[in-house]
Protein chains: 2
Amino acid sequence: MSSNNKNKLTYFHAMGLAEPLRYLLSYGNIDFEDNRVNYETFHEIKPSMPFGQVPVLEYEGEKLFQSIAICRFLANKLNLCGLDAESALECDMIVDTITDLRMHFRDAHFTPDKNLKEQKKEKLIKETIPFYLSGFQTIVEKNDGYFVGGNLTWADLYFVGILCFMESFLKMDMLKEYPSLQQLREKVNNLPMVKKWIDTRPVTEL
Amino acid sequence: MSSNNKNKLTYFHAMGLAEPLRYLLSYGNIDFEDNRVNYETFHEIKPSMPFGQVPVLEYEGEKLFQSIAICRFLANKLNLCGLDAESALECDMIVDTITDLRMHFRDAHFTPDKNLKEQKKEKLIKETIPFYLSGFQTIVEKNDGYFVGGNLTWADLYFVGILCFMESFLKMDMLKEYPSLQQLREKVNNLPMVKKWIDTRPVTEL
């Protein structure tokens with residue numbers, strides 16, 4: 001592949017929405033430039049990004065946008081959508097439910113008032129996270145240690161990848177009381193190419 | 001199919017997130033019970049719904065959740081995901097961008113303060129909607145009057161279906177200044193099975 005056609009992932013210097021993409025690209029051994037912009041540079045490039053957003057993956061000359069859509073596209077290429085249409089649906093249901101959880105983090109993160117932000121973090125820890133993680137744990141236990149069908153799918157990689165910034169935001173091990181989810185994380189993070197990514201990735205705050 | 005196995009869509013007496021599902025089910029001539037619950041009944045059934053949410057589609061005995069995941073599953077069955085992996089990705093990128101727009105509606109809708117709510121509605125009308133709809137119009141014009149690849153896909157049905165509650169919320173024709181999107185809506189709403197649904201559906205506020 002010529003350097004002009006190099007895959008380029010543009011995002012902030014953060015894990016956030018890009019980390020599941022980096023997990024999938026790494027897992028698939030798909031070479032990519034990990035292009036991290038600061039807020040100033042972002043405002044310069046914003047008009048050239050589809051709907052003014054990142055992450056964007058420049059892939060074979062096209063600007064792909066919407067992180068979950070790109071994850072699913074890569075997952076299809078990497079045979080990570082399960083064995084049939086029902087499994088693909090299950091992956092999608094899980095990933096969209098992870099997004100529901102993530103929206104609570106987003107809400108807390110963007111709350112300007114400091115006291116209210118702390119209240120929202122507390123509610124996250126005491127109510128929201130246990131609600132979702134106990135649900136996820138039940139599903140993983142029914143599926144032999146994976147989210148879908150007893151095999152690795154992109155739902156597993158997505159979950160572990162998005163957990164990175166969630167845990168950084170709260171400065172805690174979210175999976176402490178969920179041994180089955182801990183084991184799933186171990187399995188994902190020990191996939192050789194994912195492990196290689198984690199061992200070499202830049203350290204970021206979120 | 002026995003009556004025990006009848007497909008059942010559970011949601012509020014509203015268009016909201018369920019309307020794109022109803023469009024797709026109707027388009028595909030997939031028989032379903034349109035089960036509409038009030039808030040009291042919802043709280044009774046909530047614990048039996050996956051992650052406590054609706055819409056839920058009971059389909060061949062399984063409780064499917066996450067409206068967009070279900071739409072994509074139906075779309076796959078109905079050959080509405082485009083002709084190849086790239087088109088399927090384009091559908092997903094569009095639908096997730098429609099969700100970005102929808103989140104602004106959600107934010108305005110759930111703002112308790114009346115003045116602030118009006119301010120948010122005004123910003124929606126003056127800034128957010130023109131930003132997204134002009135972007136959508138450009139895409140539709142490049143694709144011969146559809147969102148993806150010059151053919152009808154679930155992105156088109158999703159857009160027109162979700163527009164129903166957006167327009168009810170704002171009490172306005174959102175597409176007035178977007179002739180290509182108007183034409184797309186006409187095409188979708190005149191698909192015979194969709195038209196039949198629209199002509200017979202219950203009238204709701206949202």
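Would you please classify the overall shape of the protein assembly as shown from the alpha carbon gyration tensor, given that a ≥ b ≥ c denote the square roots of the eigenvalues, rounded means a/c under 1.5, and beyond that prolate means a/b larger than b/c while oblate covers the rest? Here the protein assembly as shown falls in the rounded category. Can you return the aspartates and glutamates within cross-link range of residue A:126? Criterion is Cα-Cα under 14 Å, with same-chain partners fewer than 8 residues away left out. Within the straight-line limit of under 14 Å, residue A:126 reaches these aspartates and glutamates: A:118, A:173, A:177. Here the extension length gained between residue B:41 and residue B:7 equals 10.3 nm, from 0.36 nm per residue of separation less the Cα-Cα distance.
In nanometres and ascending order, the distances from the residue B:62 label point to those of the other copies are 2.7 (point 7 Å from Cα along Cα→Cβ). Between B and A, roughly 2200 Å² of accessible area is buried in total, ligands, DNA and RNA not counted and the probe set to 1.4 Å. Using a probe of 1.4 Å on the protein chains alone, the accessible area found for residue A:64 is around 10 Å². Fully extending the segment from residue B:79 to residue B:100 would add 5.0 nm, taking 0.36 nm per residue of separation and subtracting the current Cα-Cα distance. Kindly identify the range A:65-171 as rounded, prolate or oblate by the Cα gyration tensor criterion: order the square roots of the eigenvalues as a ≥ b ≥ c, call it rounded if a/c is under 1.5, otherwise compare a/b with b/c, prolate if a/b is larger, else oblate. Taking the square roots of the gyration eigenvalues as a ≥ b ≥ c, the range A:65-171 is prolate. Taking all protein chains as they are arranged and a probe of 1.4 Å, the heavy atoms of residue B:203 leave approximately 140 Å² accessible to solvent. Report in % the part of the accessible area of the range B:58-162 that belongs to carbon and sulfur, leaving out ligands and nucleic acids; probe 1.4 Å. Result for the range B:58-162: 47 percent of the exposed heavy-atom area is carbon or sulfur. Projecting 7 Å from Cα along the Cα-to-Cβ direction, the label point of residue B:47 sits 5.7 nm from its equivalents in the other copies, listed shortest first. Per residue, the Cα convex hull of the range A:119-206 amounts to 89 Å³.
Eigenvalues of the alpha-carbon gyration tensor of chain A, scaled by 5 and square-rooted, set the equivalent ellipsoid semi-axes at 26, 23, 15 angstrom, largest first.
Would you work out if the range B:35-98 is rounded, prolate or oblate? Take a ≥ b ≥ c from the square roots of the eigenvalues of the alpha-carbon gyration tensor; rounded if a/c is under 1.5, else prolate when a/b is larger than b/c, oblate otherwise. Intermediate results must be reported in sequence, preceding the final value.
Details: a/c = 3.39, a/b = 2.24, b/c = 1.51.
Prolate, because a/c is 1.5 or more and a/b exceeds b/c.
The accessible-area loss of the range A:77-107 on complex formation, taken against its chain alone with a 1.4 Å probe, reaches 50 Å² or more at A:89, A:93, A:96.
For the range B:106-206, the list of chymotrypsin sites (Phe, Trp or Tyr not before Pro) that fall in a loop by DSSP and count at most 13 other C-beta atoms within 10 angstrom reads B:110.
Per residue, the average separation of C-alpha pairs within less than 8 Å and at least 6 apart gives the range A:82-165 a relative contact order of 38 percent. Inter-chain neighbour count for A:33-41: the average number of beta-carbon atoms from partner chains within 10 Å of each residue's beta-carbon is 0. From helices alone, chain B scores -17000 deg cm²/dmol at 222 nm; the rule is -39500 (n - 2.57) for each run of n ≥ 4 DSSP H residues, then divide by the residue total. Of A:77/A:142; A:63/A:117; A:195/B:8, which ones are farther than 32 Å apart at the Cα? Over 32 Å apart, Cα to Cα: A:63/A:117; A:195/B:8.
Annotation for residue B:204, label-to-label distances across the other copies: 3.8 nm (shortest first, one decimal, point 7 Å from Cα along Cα→Cβ). If a spin label sat at a point 7 angstrom from the Cα of residue B:30 along the line to its beta carbon, the backbone N atoms of the range B:47-66 nearer than 18 Å would be those of B:50, B:54-66.
Peptide A:69-76 has a mean shielding of 4, counted as Cβ atoms of other protein chains within 10 Å of each residue's Cβ.
On a 1.4 Å probe surface of the protein chains, which of B:205, A:44, A:118, B:19 comes out largest in accessible area, and what is the full order? Mind showing how you got there, number by number?
Values: B:205 155, A:44 135, A:118 105, B:19 0 Å².
Highest to lowest solvent-accessible surface, that is B:205, A:44, A:118, B:19.
The values are calculated or read from the model by the stated rules, or taken from the named source; none is laboratory data. Given the structure is predicted, the values throughout are model-derived calculations rather than measurements. Here the Cβ is made from the backbone with ideal geometry for all residues, glycine too, and neighbour counts use every protein chain on show. When the accessible area is computed, the model is the full protein with side chains, heavy atoms only, and any ligands, DNA or RNA have been set aside. Shrake-Rupley method; radii C 1.70, N 1.55, O 1.52, S 1.80 Å.
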